[in-house]
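The values are calculated or read from the model by the stated rules, or taken from the named source; none is laboratory data. Keep in mind the model is a prediction, meaning the values are calculated, not measured. Note: ideal-geometry Cβ built from the backbone for every residue, glycine included; neighbour counts use all protein chains shown. Note: accessible area is taken over every heavy atom of the protein model, side chains too, but ligands, DNA and RNA are not part of it. Shrake-Rupley method; radii C 1.70, N 1.55, O 1.52, S 1.80 Å.
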Amino acid sequence: MTDVIINHAQKFGFFCNHDLLGSWQIVSHPRTPIWKLRQQKEDWLLLISDEPHLILLPEEVIAFLRWRWSTKKK
(Lines give C-alpha, C1' and ligand atoms only; values in the text may rest on other atoms or scores of the structure.)
Protein backbone atom coordinates (compact mmCIF):
# COMPACT_ATOMS: atom_id res chain seq x y z
CA MET A 1 0.00 0.00 0.00
CA THR A 2 2.95 2.35 0.58
CA ASP A 3 3.82 2.19 -3.12
CA VAL A 4 0.28 3.24 -4.03
CA ILE A 5 0.47 6.22 -1.65
CA ILE A 6 3.86 7.34 -2.96
CA ASN A 7 2.67 6.98 -6.57
CA HIS A 8 -0.39 9.12 -5.82
CA ALA A 9 1.72 11.74 -4.04
CA GLN A 10 4.18 11.99 -6.93
CA LYS A 11 1.37 12.06 -9.50
CA PHE A 12 -0.22 14.97 -7.62
CA GLY A 13 3.10 16.84 -7.56
CA PHE A 14 4.07 16.43 -3.91
CA PHE A 15 7.63 15.72 -2.84
CA CYS A 16 8.56 12.29 -1.47
CA ASN A 17 11.73 11.08 0.16
CA HIS A 18 13.10 8.66 2.74
CA ASP A 19 14.21 9.88 6.14
CA LEU A 20 17.34 8.59 7.85
CA LEU A 21 15.45 5.61 9.27
CA GLY A 22 14.11 4.56 5.86
CA SER A 23 10.52 5.71 6.38
CA TRP A 24 8.75 7.70 3.70
CA GLN A 25 7.95 11.35 4.06
CA ILE A 26 5.65 13.38 1.80
CA VAL A 27 5.83 17.18 1.95
CA SER A 28 3.80 19.97 0.43
CA HIS A 29 6.88 21.90 -0.71
CA PRO A 30 10.58 21.00 -0.31
CA ARG A 31 11.82 24.38 0.94
CA THR A 32 8.97 25.58 3.13
CA PRO A 33 6.63 22.70 3.85
CA ILE A 34 3.30 23.70 5.38
CA TRP A 35 2.43 20.09 6.08
CA LYS A 36 4.20 16.74 6.07
CA LEU A 37 3.07 13.16 6.11
CA ARG A 38 5.50 10.83 7.85
CA GLN A 39 5.18 7.06 7.57
CA GLN A 40 4.93 5.17 10.84
CA LYS A 41 4.80 1.48 9.98
CA GLU A 42 1.43 1.12 8.19
CA ASP A 43 -0.04 4.42 9.38
CA TRP A 44 0.96 7.98 8.58
CA LEU A 45 1.41 10.99 10.88
CA LEU A 46 0.18 14.35 9.61
CA LEU A 47 2.34 17.24 10.81
CA ILE A 48 1.36 20.86 10.28
CA SER A 49 4.12 23.38 10.94
CA ASP A 50 6.08 20.47 12.47
CA GLU A 51 3.32 19.85 15.06
CA PRO A 52 1.69 16.39 15.01
CA HIS A 53 -2.06 16.54 14.34
CA LEU A 54 -3.48 13.22 13.13
CA ILE A 55 -2.59 9.61 12.55
CA LEU A 56 -4.05 8.54 9.21
CA LEU A 57 -4.76 5.15 7.71
CA PRO A 58 -3.45 4.56 4.17
CA GLU A 59 -6.89 5.18 2.62
CA GLU A 60 -7.16 8.46 4.53
CA VAL A 61 -3.72 9.52 3.28
CA ILE A 62 -4.83 9.04 -0.33
CA ALA A 63 -8.02 11.03 0.35
CA PHE A 64 -5.95 13.80 2.00
CA LEU A 65 -3.52 13.95 -0.94
CA ARG A 66 -6.41 14.05 -3.42
CA TRP A 67 -8.05 16.88 -1.46
CA ARG A 68 -4.80 18.89 -1.20
CA TRP A 69 -4.17 18.39 -4.92
CA SER A 70 -7.67 19.61 -5.81
CA THR A 71 -7.27 22.75 -3.67
CA LYS A 72 -3.76 23.35 -5.07
CA LYS A 73 -5.08 23.45 -8.65
CA LYS A 74 -7.40 26.42 -7.94
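For the chain, the fraction of 1.4 Å probe accessible surface lying on carbon and sulfur atoms is 56 percent.
Expressed as cubic angstrom per residue, what is the convex hull volume of the alpha carbon set of the chain? Don't skip to the end; give the middle numbers.
Numbers: hull volume 6.4 nm³, N = 74.
That works out to 87 Å³ per residue.
Remark: the Gln10-Ala63 segment gains 17.7 nm on full extension, using 0.36 nm per residue and subtracting the alpha carbon distance.
In debye, nearest 20: dipole of the stretch 1-70 around its Cα centre with unit charges on the Cβ of K, R (+) and D, E (-)? Before the final figure, lay out the partial values.
Numbers: 7 positive and 8 negative charges, 59 e Å.
I would put it at about 280 debye.
Give me the net charge for the shell around Phe12: Cβ to Cβ below 9 angstrom, other residues only, Lys and Arg +1, Asp and Glu -1.
Result for the local shell: +4.
In the chain, helical runs assigned H by DSSP with n ≥ 4 each contribute -39500 (n - 2.57); averaged across all residues and rounded to the nearest 500, the mean residue ellipticity at 222 nm is -11000 deg cm²/dmol.
What number comes out for accessible area per residue over the chain if the probe is 1.4 Å? Units Å², please. Could you put the intermediate results ahead of the total?
Values: 5040 Å² over 74 residues.
Dividing the accessible area of the chain by its residue count gives 68 Å².
Electrostatic tally near Gly22: other residues with Cβ closer than 15 Å to its Cβ, Lys and Arg +1, Asp and Glu -1, net -1.
Find the relative contact order for the stretch 1-70 and round it to a whole percent, using C-alpha pairs within less than 8 Å whose residues are 6+ positions apart.
24 percent
In the complete set of protein chains, residue-level accessible area for Thr32 is approximately 100 Å², probe 1.4 angstrom.
When Lys and Arg each count +1 and Asp and Glu each count -1, what net charge do the other residues less than 9 Å away from Pro58, Cβ to Cβ, add up to? Display every interim value, and only then the final one.
Values: positive: none; negative: Glu42, Asp43, Glu59, Glu60.
My count for the surroundings of Pro58 gives -4.
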